[in-house]
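Trainee: One structure, pasted below without further comment.
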């Protein structure tokens, strides 16, 4: 296929996309750059059926693409494309604008739905071990007033990994209280004197940040549950820690009766 034929086919395809039929596109393209042309000449050069040529040209005239000289013999001329297609382009531009508005509305529905879902999911997230460590460090760094911690024997290992963040929190004036399990060896952990420490029977590791966010960790630290300020269970954990801390004998246990399924969370 020659470049001329390829370009011609490309133009015909473009005209059809603008709403012209195959015959209309061939007729209009055949008239371009030729001035006044008879129907017979146009049918010959455009390979259009003579029986249909007048009907085709009349349709092009209605679409304001062709000028017809009604003096006999009838002759035809293509009107300038920029002028001829301006109304069609405006119609397409309006359609595109309407489509964009619809897409924007759909995107808004999608974003609002995901946002609501995200708020719902933030109430109760399951974190894997790696993300648990990372999240605890982030929350210690962002805490402003107080951090309450309850640790079993495994939790002491986690505490060592966030020791530097605890020091920085103390320097910032954050009040930190830690409940160590009676069976754990907490003496090996070097903590500032500003950190309040007590012992109790602790079965589950718990971190509460500014009484707003809580992380409950299973016994071996392989997974944890994250509760934000809207979650009722977070309030229960916060009050339970307070009861243990204020207890005279400090013999209560923090237990979780909820079963969590592990999923990975990354942000």
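Trainee: Determine which member of the set 126, 140, 149, 136 is within 34 Å of the chain's Cα centre (by Cα), touching a residue at least 40 places away in the same chain (Cβ under 8 Å), within 18 Å of residue 227 (Cα to Cα) and part of a strand (DSSP E or B).
Mentor: Every option except 126 fails the conditions.
Trainee: Continuing with the same structure: Pairs, please: C-beta under 9 Å, at least 6 apart or cross-chain, first residue under 17 Å from residue 208 (Cα atoms) and in segment 163-174, second surrounded by fewer than 11 Cβ atoms within 10 Å (Cβ to Cβ) and modelled with pLDDT under 95?
Mentor: 163/190
Trainee: Give me the pairs, please: first residue somewhere in segment 76-105 and part of a helix (DSSP H, G or I), second residue anywhere and surrounded by 12 or more Cβ atoms within 10 Å (Cβ to Cβ), beta-carbon distance under 7 Å, and either six or more positions apart or on two chains.
Mentor: 84/64; 84/65; 88/18; 88/19
Trainee: Now, a different point. Checking residue 193 against (1) surrounded by 10 or more Cβ atoms within 10 Å (Cβ to Cβ); (2) modelled with pLDDT under 90; (3) over 23 Å from residue 227 (Cβ atoms); (4) over 28 Å from the mean Cα position of the chain (by Cα): exactly one of these is not met. Which one?
Mentor: Failed condition: (1).
Trainee: Restrict the check to segment 18-32 and report whether at least one residue is closer than 15 Å to residue 84 by Cβ, exposed (fewer than 11 other Cβ atoms within 10 Å of the Cβ) and either touching a strand residue (DSSP E or B) at 6+ places or on another chain (Cβ under 9 Å) or modelled with pLDDT under 85 (or both).
Mentor: No, there is no match, as no residue in segment 18-32 is closer than 15 Å to residue 84 by Cβ, exposed (fewer than 11 other Cβ atoms within 10 Å of the Cβ) and either touching a strand residue (DSSP E or B) at 6+ places or on another chain (Cβ under 9 Å) or modelled with pLDDT under 85 (or both).
The values are calculated or read from the model by the stated rules, or taken from the named source; none is laboratory data. Predicted model only: the values in this text are computed from it and were never measured. Note that each Cβ is placed from the backbone with ideal geometry, even for glycine, and that neighbours are counted across all protein chains shown.
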